[in-house]
Amino acid sequence: MDLTLTDEQQKFREYAREFLDGEVVAHRMEWDRAESVDTAIIAKLGDMGFFGLTIPEEYGGLGGDYISYCVGMEELGRADSNVRGIVSVSMGLVGKVILSHGTEEQKRHWLTKIATGEALACFGLTEPDTGSDAGNLKTRAVREGGGDYVLNGQKMFITNATWADVCLVFARTGEPGPKGVSAFLVPTDMPGFETREIKGKLGLRGQATGEVYLTDVRVPASARLGEEGQGFSIAMHSLDKGRVSVGAGCVGIIQGCLDSVVDYSTQRRQFDRPLASFQLIQDMIADISVELDAARMLVYRAADLIERGEPFGVAASKAKYFASEAAVRAANSAIQIFGGYGYIDEYPVQKYLRDARVMTLYEGTSQIQKLLIGRAETGVNAFL
Ligand SMILES: Cc1cc2nc3c(=O)[nH]c(=O)nc-3n(C[C@H](O)[C@H](O)[C@H](O)COP(=O)(O)OP(=O)(O)OC[C@H]3O[C@@H](n4cnc5c(N)ncnc54)[C@H](O)[C@@H]3O)c2cc1C
């Protein structure tokens, strides 16, 4: 197995890093304090092709491979997880399922705009009472005489909600449980579609996270993505790939922590010596370095399976579980190495910790990933 990036993938990393250093890293602390990125970054990311990394050229994307996609998510995660999440959700969770499950009309109408950043998408699965247990969601879509669907319900913790042009809403059209769920592409300017931003988050402060309220939102049948009853499997298909994005973003966080601690510990002196000369400091740096390699290999393996068209769900769960937990450990150690300076926002490590913390929660918590991995190993389904 060759883990070396091709020249093209390596050039893409350099191109992405140069752009992100100037346009994102330079502003990330200011955005964090303001609790919002400058949304002008969305169009700039679109111009650079970030929203179309693996989307075919005929739909406005770059048609790139999945390892390049992970390299892009890594660089975005290293720069600012707020920005990585905007791209991962719009293109990764929504754009890609329009590509795999959408009609030609849906691809021409939405995907071409999502792939260029002209339109932003959000993914509406979680509800106030159903997070991990998403198959029991309560939002309803009732079809009127074989025509339009009328949607009613509430969604919770939706990334991009207040900025998005379209929301992929999962709603119940049939029986209780996962088999009664369908998916709809709902334009956010429809009457009855309202959002409220959630403030006061521990991390990802620059990203819009919102509640979505659907009150008699009427959409035509052509807004349904896939068949009736296929919504839950569409959501799971989307999240399997999304977990690779989150894992790659976490690799970026760990890389950012490693770069920061190497820089700081070789310059900061105590007892007339650089911090890096103390073995207890090297112990922490060595752990970050090893976990970085392990996380990256798990992520690239999942990406390689996607690229080959092979089953990748369990590999994605392992990558997401390990990389997210390792990102929290790396950022925590990075603060320790920075001492008191790690606790203030003059340096990025405290932001890395705050942003990393949610990665073990969203797109399936660490416990849910372990249940998926355990199910694959034992054949016993803990969800039934
Ligand atoms: C910043 C942010 C952004 C988000 N963005 C989105 C988004 O764009 N779209 C979207 O749909 N959702 C989004 N979410 C929601 C996220 O996916 C959920 O928070 C997550 O799935 C967990 O659901 P919950 O918060 O309801 O926790 P719960 O499901 O209530 O879980 C609480 C605890 O119980 C554990 N638990 C639950 N079930 C089991 C079990 N069977 N066995 C063992 N332990 C269990 C969990 O692991 C967790 O530790 C976002 C959340 C946040 C915080």
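Aliphatic (A, V, I, L, M) and either part of a loop (DSSP other than H, G, I, E, B) or not assigned by TED's automatic domain parsing to the domain that holds ARG143 (or both) - does that describe any residue in segment 184-191? Yes.
Restricting to segment 156-168, and then to whatever is hydrophobic (A, V, I, L, M, F, W, C) and near the ligand (Cβ under 10 Å from one of its atoms), can you tell me which residue is surrounded by the fewest Cβ atoms within 10 Å (Cβ to Cβ)? Ranking the qualifying residues of segment 156-168, first place goes to MET156.
One residue is enough: does segment 131-142 have a residue meeting the conditions away from the ligand (no atom under 15 Å from the Cβ), in the same structural domain as LYS155 (by TED's automatic domain parsing) and not small (Gly, Ala, Ser)? Explain how you work it out, then say what you get.
Of segment 131-142, the ones away from the ligand (no atom under 15 Å from the Cβ) are 140-142.
With the extra rule that they be in the same structural domain as LYS155 (by TED's automatic domain parsing), the set shrinks to 140-142.
Narrowing the set further to residues that are not small (Gly, Ala, Ser) leaves 140, 142.
Yes, segment 131-142 has at least one match.
Considered as a group, the residues in segment 368-380 that are open to solvent by 50 Å² or more (accessible area, probe 1.4 Å) and assigned to a helix (DSSP H, G or I) include one that is nearest to ARG269 (Cα to Cα), and that residue is LYS370.
Does PHE312 satisfy being closer than 26 Å to ASP21 by Cα, of a type in the set (Phe, Trp, Tyr) and either touching a residue at least 24 places away in the same chain (Cβ under 8 Å) or surrounded by fewer than 24 Cβ atoms within 10 Å (Cβ to Cβ) (or both)?
On the way: closer than 26 Å to ASP21 by Cα: no; of a type in the set (Phe, Trp, Tyr): yes; either touching a residue at least 24 places away in the same chain (Cβ under 8 Å) or surrounded by fewer than 24 Cβ atoms within 10 Å (Cβ to Cβ) (or both): yes.
Here the answer is no, as PHE312 does not meet what is asked.
In this structure, is VAL87 of a type in the set (Val, Ile, Thr) and over 20 Å from SER222 (Cα atoms)? Judged against the criteria, VAL87 is a match. Filter segment 106-130 down to residues that are over 18 Å from TYR213 (Cβ atoms) and open to solvent by 40 Å² or more (accessible area, probe 1.4 Å) and give me whichever is farthest from the ligand (Cβ to nearest atom). So the residue we want is ARG108.
Does segment 179-186 contain at least one residue that is closer than 17 Å to LEU120 by Cα and of a type outside the set (Phe, Trp, Tyr)? Scanning segment 179-186 turns up at least one residue that is closer than 17 Å to LEU120 by Cα and of a type outside the set (Phe, Trp, Tyr).
Looking at the structure I just gave you, is LEU384 more than 22 Å from GLY242 (Cβ to Cβ), open to solvent by 10 Å² or more (accessible area, probe 1.4 Å) and within 16 Å of the ligand (Cβ to nearest atom)?
Working: more than 22 Å from GLY242 (Cβ to Cβ): yes; open to solvent by 10 Å² or more (accessible area, probe 1.4 Å): yes; within 16 Å of the ligand (Cβ to nearest atom): yes.
Yes; evaluated as a whole, the condition is true for this residue.
Please enumerate the residues belonging to segment 196-205 that are within 12 Å of the ligand (Cβ to nearest atom) and assigned to a strand (DSSP E or B). It would help to see each step written out before you state the result.
Keep residues of segment 196-205 that are within 12 Å of the ligand (Cβ to nearest atom), which gives 197-205.
If the condition is that a residue be within 12 Å of the ligand (Cβ to nearest atom) and assigned to a strand (DSSP E or B), then GLU197 is the only one that fits.
Against the list (1) of a type in the set (S, T, N, Q); (2) under 29 Å from ALA134 (Cβ atoms); (3) part of a helix (DSSP H, G or I), the condition GLN282 fails is (2).
In segment 206-218, how many residues are buried (at least 21 other Cβ atoms within 10 Å of the Cβ) and either farther than 25 Å from GLU144 by Cβ or away from the ligand (no atom under 15 Å from the Cβ) (or both)? Matching residues across segment 206-218 total 6.
Residues that are within 16 Å of the ligand (Cβ to nearest atom) and not in a loop (DSSP other than H, G, I, E, B) within segment 332-367 comprise LYS351, TYR352, LEU353, ARG354, ASP355, ALA356, ARG357, VAL358, MET359, THR360, SER366, GLN367, listed in sequence order. Against the criterion of being under 22 Å from LEU371 (Cα atoms) and not assigned by TED's automatic domain parsing to the domain that holds GLY92, LEU292 does not qualify. Return yes or no: is LEU225 in contact (Cβ under 8 Å) with a residue 24 or more places away in the chain, buried (at least 21 other Cβ atoms within 10 Å of the Cβ) and within 19 Å of ILE368 (Cα to Cα)? Judged against the criteria, LEU225 is not a match. Every condition in (1) more than 15 Å from SER132 (Cβ to Cβ); (2) modelled with pLDDT under 95 is met by LEU384 except one, and the failing one is (1).
Checked against (1) within 30 Å of THR378 (Cβ to Cβ); (2) open to solvent by 40 Å² or more (accessible area, probe 1.4 Å), SER324 meets all criteria but (2). Kindly indicate whether VAL94 is more than 8 Å from the ligand (Cβ to nearest atom), in contact with a strand residue (DSSP E or B) (Cβ under 9 Å, 6 or more places away or on another chain) and within 30 Å of ALA382 (Cα to Cα). Yes, satisfied. Filtered by the rule that a residue be over 27 Å from GLU74 (Cα atoms) and either within 28 Å of the chain's Cα centre (by Cα) or surrounded by fewer than 18 Cβ atoms within 10 Å (Cβ to Cβ) (or both), segment 251-278 gives ARG268, ARG269, GLN270, PHE271, ASP272, ARG273, PRO274, SER277, PHE278.
The values are calculated or read from the model by the stated rules, or taken from the named source; none is laboratory data. Being a predicted model, the structure only gives us computed values, none of them experimental. We place every Cβ from the backbone using ideal geometry, glycine too, and count neighbours over all the protein chains shown. To get the accessible areas, we keep the full protein, side chains included, count just its heavy atoms, and leave off ligands, DNA and RNA. Shrake-Rupley method; radii C 1.70, N 1.55, O 1.52, S 1.80 Å.
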